[in-house]
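Q: Quick one: the structure is below, questions incoming.
The values are calculated or read from the model by the stated rules, or taken from the named source; none is laboratory data. Values in this document were obtained by computation on a predicted structure and should not be read as measured data. Don't worry about glycine lacking a Cβ; one is built from the backbone with ideal geometry, like all the others, and counts go over all protein chains shown. We work out accessible area using only protein heavy atoms, side chains counted, and drop any ligands, DNA or RNA first. Shrake-Rupley method; radii C 1.70, N 1.55, O 1.52, S 1.80 Å.
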Amino acid sequence: MPQGKEPPQLLKQRLFYLGRKFNYQVTRLRLPNGVEGEWECVRHPGGALAVPVTKEGKLILLRQYRFAVEGRILEFPAGTLEPGEDAAETIKREIEEETGYRAKTWTKLGEFFLAPGYSDEIIYAFLAQDLEPLETPPNQDDDEDMETVLMTPQELEQAIHDGEPIDAKSISSFFLARPFLQ
């Protein structure tokens, strides 16, 4: 995705933490405009997200507990890319794990940076259609605490405008999917 890459000059790496899902680093850099300073950055392998749509035109979302915000938020199914894994493979696995459905038709909606002020994470968004329920859904990850929520596009848009807790990647992906929704 990144067009026009202009990497800064690395002057010194002060801290590097290798985490379970992402890495964290603090570095002293010289930016392309010549300014020097110390910056923190979350290095992330990227994530894939699906906007799943049922035959009836309902969106499948998850109300998921997120420890960082100390509560439950509404979001589309998504997952972190494994090393060497294509985003399409990631989301096909995640939608089955998180919703219990398999999609027959996939459309790439686009990709975008999630929080470029402190992270290099890119979200790869897909529209998932022609859903069929799995006879035996795979087990969810131990740390996943979520419930499935069905909403019409109009209900989701109203929830966004009402300020219901919804993450940015889901809002962005919803608006990328909007032209495909009834």
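Q: Taking the range 149-168 as the region of interest, how many residues are acidic (Asp, Glu), open to solvent by 50 Å² or more (accessible area, probe 1.4 Å) and either touching a residue at least 40 places away in the same chain (Cβ under 8 Å) or farther than 24 Å from residue 105 by Cβ (or both)?
A: 2
Q: Just to be sure I understand, how many residues within the range 63-86 are part of a strand (DSSP E or B) and over 18 Å from residue 181 (Cβ atoms)? Lay out the reasoning, then the answer.
A: Going residue by residue through the range 63-86, those that are part of a strand (DSSP E or B) are 63-66, 71-75, 78-80.
Checking the rest, the ones that are also over 18 Å from residue 181 (Cβ atoms) come to 63-66, 71-73, 78-80.
Going through the range 63-86 one residue at a time, the tally reaches 10.
Q: Anything in the range 86-95 that is acidic (Asp, Glu) and open to solvent by 20 Å² or more (accessible area, probe 1.4 Å)? List them, or say none. Steps first, answer last, please.
A: Restricting attention to the range 86-95, the residues satisfying the condition of being acidic (Asp, Glu) are 86, 89, 94.
Those that are acidic (Asp, Glu) and open to solvent by 20 Å² or more (accessible area, probe 1.4 Å): 86, 89.
Q: Continuing with the same structure: Could you list, in sequence order, the residues of the range 77-124 that are under 17 Å from residue 147 (Cα atoms) and touching a Pro at 6+ places or on another chain (Cβ under 7 Å)?
A: 77, 94, 95, 96, 97, 98, 99, 100, 101
Q: A further question follows. Among the candidates 152, 148, single out the residue that is touching a strand residue (DSSP E or B) at 6+ places or on another chain (Cβ under 8 Å), modelled with pLDDT under 95 and within 19 Å of residue 64 (Cα to Cα).
A: On the way: 152 fails: modelled with pLDDT under 95.
So the residue among 152, 148 that is touching a strand residue (DSSP E or B) at 6+ places or on another chain (Cβ under 8 Å), modelled with pLDDT under 95 and within 19 Å of residue 64 (Cα to Cα) is 148.
Q: Please work out which one of (1) at positive phi; (2) not in a loop (DSSP other than H, G, I, E, B) is the condition residue 163 fails and give its number.
A: (2)
A quick yes/no check of all residues on (1) within 19 Å of residue 84 (Cα to Cα); (2) at pLDDT 95 or above; (3) hydrophobic (A, V, I, L, M, F, W, C):
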| position | (1), (2), (3) |
| --- | --- |
| 9 | no, no, no |
| 19 | yes, no, no |
| 36 | no, yes, no |
| 40 | no, yes, no |
| 50 | no, yes, yes |
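Q: Only one of 31, 81 is within 25 Å of residue 11 (Cα to Cα) and without any contact (Cβ under 8 Å) to a residue 60 or more places away in the chain; which?
A: On the way: 81 fails: within 25 Å of residue 11 (Cα to Cα).
Result: 31 is the single residue among 31, 81 that is within 25 Å of residue 11 (Cα to Cα) and without any contact (Cβ under 8 Å) to a residue 60 or more places away in the chain.
Q: Select from the range 1-14 the residues that are surrounded by 10 or more Cβ atoms within 10 Å (Cβ to Cβ) and not in a loop (DSSP other than H, G, I, E, B) and list them in ascending order.
A: 9, 10, 11, 13, 14
Q: Within the range 96-110, is there a residue that is surrounded by 12 or more Cβ atoms within 10 Å (Cβ to Cβ), among the hydrophobic types (A, V, I, L, M, F, W, C) and not in a strand (DSSP E or B)?
A: Quick first cut of the range 96-110, residues surrounded by 12 or more Cβ atoms within 10 Å (Cβ to Cβ) only: 96-103, 106-110.
Pick out the ones that are also among the hydrophobic types (A, V, I, L, M, F, W, C) and you get 103, 106, 109.
Cutting the leftovers down to not in a strand (DSSP E or B) gives us none.
The answer is no, given that none of the residues of the range 96-110 is surrounded by 12 or more Cβ atoms within 10 Å (Cβ to Cβ), among the hydrophobic types (A, V, I, L, M, F, W, C) and not in a strand (DSSP E or B).
Q: Identify, please: which residue in the range 40-76 is open to solvent by 30 Å² or more (accessible area, probe 1.4 Å) and acidic (Asp, Glu) and is, among those, nearest to residue 163 (Cα to Cα)?
A: In this case the residue turns out to be 70.
Q: Looking at (1) of a type outside the set (A, V, I, L, M); (2) at positive phi; (3) in contact with a Cys (Cβ under 9 Å, 6 or more places away or on another chain), which is the one condition that is false for residue 119?
A: Going through the list (1) of a type outside the set (A, V, I, L, M); (2) at positive phi; (3) in contact with a Cys (Cβ under 9 Å, 6 or more places away or on another chain), residue 119 breaks only (2).
Q: Right, another one. For the range 121-148, give me each residue that is within 23 Å of residue 44 (Cα to Cα) and either hydroxyl-bearing (Ser, Thr, Tyr) or surrounded by fewer than 17 Cβ atoms within 10 Å (Cβ to Cβ) (or both).
A: 124, 140, 141, 142, 143, 144, 145
Q: Kindly indicate whether residue 171 is open to solvent by less than 60 Å² (accessible area, probe 1.4 Å), closer than 26 Å to residue 68 by Cα, within 14 Å of the chain's Cα centre (by Cα) and without any contact (Cβ under 8 Å) to a residue 24 or more places away in the chain. Reasoning before the result, please.
A: Values: open to solvent by less than 60 Å² (accessible area, probe 1.4 Å): yes; closer than 26 Å to residue 68 by Cα: yes; within 14 Å of the chain's Cα centre (by Cα): yes; without any contact (Cβ under 8 Å) to a residue 24 or more places away in the chain: yes.
Criteria met by residue 171.
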